[in-house]
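**Q** Have a look at the structure that comes next, please.
The values are calculated or read from the model by the stated rules, or taken from the named source; none is laboratory data. None of these values were measured; they are calculated from a predicted model. Here the Cβ is made from the backbone with ideal geometry for all residues, glycine too, and neighbour counts use every protein chain on show.
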């Protein structure tokens, strides 16, 4: 008798259906697995033998052949343990086949004692099972909460293999329903702000730029001397970002599930992720990679924030690989065996010093770097990458009065909650504008949407024309200024872009002129 059990295999963050076929034949007793298994799948043979024996079942004294179909897709991970075990018990007639099995997917790792252990990627498996029309999903109990986030499929949790006979007779006694309304309430309570906006002294212009960036999910580059508050403001920015919608929570949680970063205690990512890799990170660490591609930092920052401190200290090749994800919102990792596409719609926040010593233009300390050192330092940041950053922000040294708290005003003491309320209001206007398009913010607008929602009158068109001529704006730079202007209008509740919105957006592109000057000077040296 050939037994068939349904499961799935991960490819990137997606799951593909896999059929586990088990056949018992005469011959020397043994267990053979075919169908491109990796080392973890091949090693499951010894785990399964011990688990079956220690669960009170008899392992068949025959030649056991297991095929993982389709055979041309590589299978990896320990999630095949449970479906393989069930297939062996069905084929040896220890378990009786039922109609329930035909509409059920199984996934889970087994221990030597027969206990079921959590596995990665269960959320992707649940989405795949629902898409393929399966009604039930059986997972280890520790994965139940994670899998139950997907509506339209019943999720069953098992602790031990010895529960299988009872489970097949009375499956719905193992059903673990999840209250999604309760999950959303937990999400609202889970938002934490490590640094409040009111804790930041001075830097009113920078705070305004952070609010604009958060309102439209715009990329931001801060340039200033050491100790001016760049890192502190980046951490405070997390606290003014709008909450994740439930669909966004699923998107992000799916990525973290595949990466193995979810736990039984945290089966859902409630807050927008904030990733801050060190500048020694490799290209594969930032974009993802490996022989079997895994998500990198830009994918783990999806729908959230990627903070790169000491921006130009990152290797040049690492910075340059950010260009395509910043533009397209995805990153494709190609290998000889497979190619995977990961989502990477993140908000880039970068911080750097104006020169190697950090004090170029500082009113207190004198810069000790030569012109060549300064130009080489700023030259690490390429024009195409700078063109993809919407807001270029100069962060000056805090003066004595601001540092001592003697120059505080009502705006400087404004809390993150007050700023976040305005950001959410602006995002709600964008959500209404881009309803049913899969777009969540102005920064994601396509050229056709820019043409539709960023209409300029004669005055604003003339202002943009002069800016293009004086600043030598590229077509991409022009589009990004329009997106930024649309966000400024949303913050103020305007239906159309006004001239002062264009003027403020243009002020945030000052570093482009500096870059062009440096390039001209470097060419003359």
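**Q** Across the stretch 224-257, what is the total count of residues that are over 30 Å from residue 353 (Cβ atoms), touching a strand residue (DSSP E or B) at 6+ places or on another chain (Cβ under 8 Å) and buried (at least 23 other Cβ atoms within 10 Å of the Cβ)?
**A** Number satisfying all stated conditions: 1.
**Q** Of 279, 292, which residue is in contact (Cβ under 8 Å) with a residue 24 or more places away in the chain, out of contact with any helix residue (DSSP H, G or I) (no Cβ under 7 Å at 6 or more places or on another chain) and either part of a loop (DSSP other than H, G, I, E, B) or under 30 Å from residue 202 (Cα atoms) (or both)?
**A** 292
**Q** Answer yes if at least one residue in the stretch 264-279 is closer than 18 Å to residue 332 by Cβ, in contact with a strand residue (DSSP E or B) (Cβ under 7 Å, 6 or more places away or on another chain) and modelled with pLDDT under 95, and no otherwise.
**A** No: zero hits.
**Q** Are any residues in the stretch 225-276 touching a helix residue (DSSP H, G or I) at 6+ places or on another chain (Cβ under 7 Å), in a helix (DSSP H, G or I) and within 15 Å of residue 195 (Cα to Cα), and if so, which ones?
**A** Answer for the stretch 225-276, where residues must be touching a helix residue (DSSP H, G or I) at 6+ places or on another chain (Cβ under 7 Å), in a helix (DSSP H, G or I) and within 15 Å of residue 195 (Cα to Cα): 233, 236, 237, 239, 240.
**Q** Could you check the stretch 438-467 and list, in sequence order, the residues that are in contact (Cβ under 8 Å) with a residue 12 or more places away in the chain, closer than 21 Å to residue 328 by Cβ and assigned to a loop (DSSP other than H, G, I, E, B)?
**A** Applying the first criterion (in contact (Cβ under 8 Å) with a residue 12 or more places away in the chain) to the stretch 438-467 yields 440-445, 447, 449-450, 453-457, 459-460, 463-464, 467.
Subset that is closer than 21 Å to residue 328 by Cβ: 440-445, 447, 449-450, 453-454.
440, 441, 445, 454, listed by residue number.
**Q** Take the stretch 1-16 and flag every residue that is more than 17 Å from residue 254 (Cβ to Cβ) and in a strand (DSSP E or B). Working first, answer last.
**A** As a first pass, look at the stretch 1-16 and keep what is more than 17 Å from residue 254 (Cβ to Cβ): 1-7.
Residues satisfying the conditions are 2, 3, 4, 5, 6, 7.
Condition check ((1) farther than 22 Å from residue 208 by Cα; (2) assigned by TED's automatic domain parsing to the domain that holds residue 329; (3) at pLDDT below 90; (4) surrounded by fewer than 18 Cβ atoms within 10 Å (Cβ to Cβ)) across all residues:
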site: 438; (1), (2), (3), (4): yes, no, yes, yes
site: 442; (1), (2), (3), (4): no, no, no, no
site: 456; (1), (2), (3), (4): yes, no, no, no
site: 459; (1), (2), (3), (4): yes, no, no, yes
site: 466; (1), (2), (3), (4): yes, no, no, yes
site: 470; (1), (2), (3), (4): yes, no, yes, yes
site: 484; (1), (2), (3), (4): no, no, no, no
site: 490; (1), (2), (3), (4): no, no, no, no
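**Q** To continue, here is another question. Checking residue 148 against (1) over 30 Å from residue 235 (Cβ atoms); (2) at pLDDT 90 or above; (3) surrounded by 21 or more Cβ atoms within 10 Å (Cβ to Cβ): exactly one of these is not met. Which one?
**A** (2)
**Q** Would a scan of the stretch 180-193 turn up a residue that is closer than 30 Å to residue 482 by Cα and surrounded by 15 or more Cβ atoms within 10 Å (Cβ to Cβ)?
**A** No; the residues of the stretch 180-193 include none that is closer than 30 Å to residue 482 by Cα and surrounded by 15 or more Cβ atoms within 10 Å (Cβ to Cβ).
**Q** Among (1) in a helix (DSSP H, G or I); (2) in contact (Cβ under 8 Å) with a residue 60 or more places away in the chain, there is one condition residue 182 misses while meeting the rest; what is its number?
**A** Unmet for residue 182, out of (1) in a helix (DSSP H, G or I); (2) in contact (Cβ under 8 Å) with a residue 60 or more places away in the chain: (2).
**Q** While we're on this one: Would you say residue 77 is touching a helix residue (DSSP H, G or I) at 6+ places or on another chain (Cβ under 8 Å), at positive phi and surrounded by fewer than 18 Cβ atoms within 10 Å (Cβ to Cβ)?
**A** The answer is no for residue 77.
**Q** Can we say residue 173 is more than 17 Å from residue 88 (Cβ to Cβ) and surrounded by fewer than 20 Cβ atoms within 10 Å (Cβ to Cβ)?
**A** Here the answer is yes, as residue 173 does meet what is asked.
**Q** Of everything in the stretch 35-61 that's under 31 Å from the mean Cα position of the chain (by Cα) and assigned to a loop (DSSP other than H, G, I, E, B), which residue is farthest from residue 294 (Cα to Cα)?
**A** Here the answer is 36.
**Q** For residue 116, state whether it is over 17 Å from residue 9 (Cβ atoms), touching a helix residue (DSSP H, G or I) at 6+ places or on another chain (Cβ under 7 Å) and surrounded by 24 or more Cβ atoms within 10 Å (Cβ to Cβ). Let's see the steps before the verdict.
**A** Working: over 17 Å from residue 9 (Cβ atoms): yes; touching a helix residue (DSSP H, G or I) at 6+ places or on another chain (Cβ under 7 Å): yes; surrounded by 24 or more Cβ atoms within 10 Å (Cβ to Cβ): yes.
Answer is yes for this residue.
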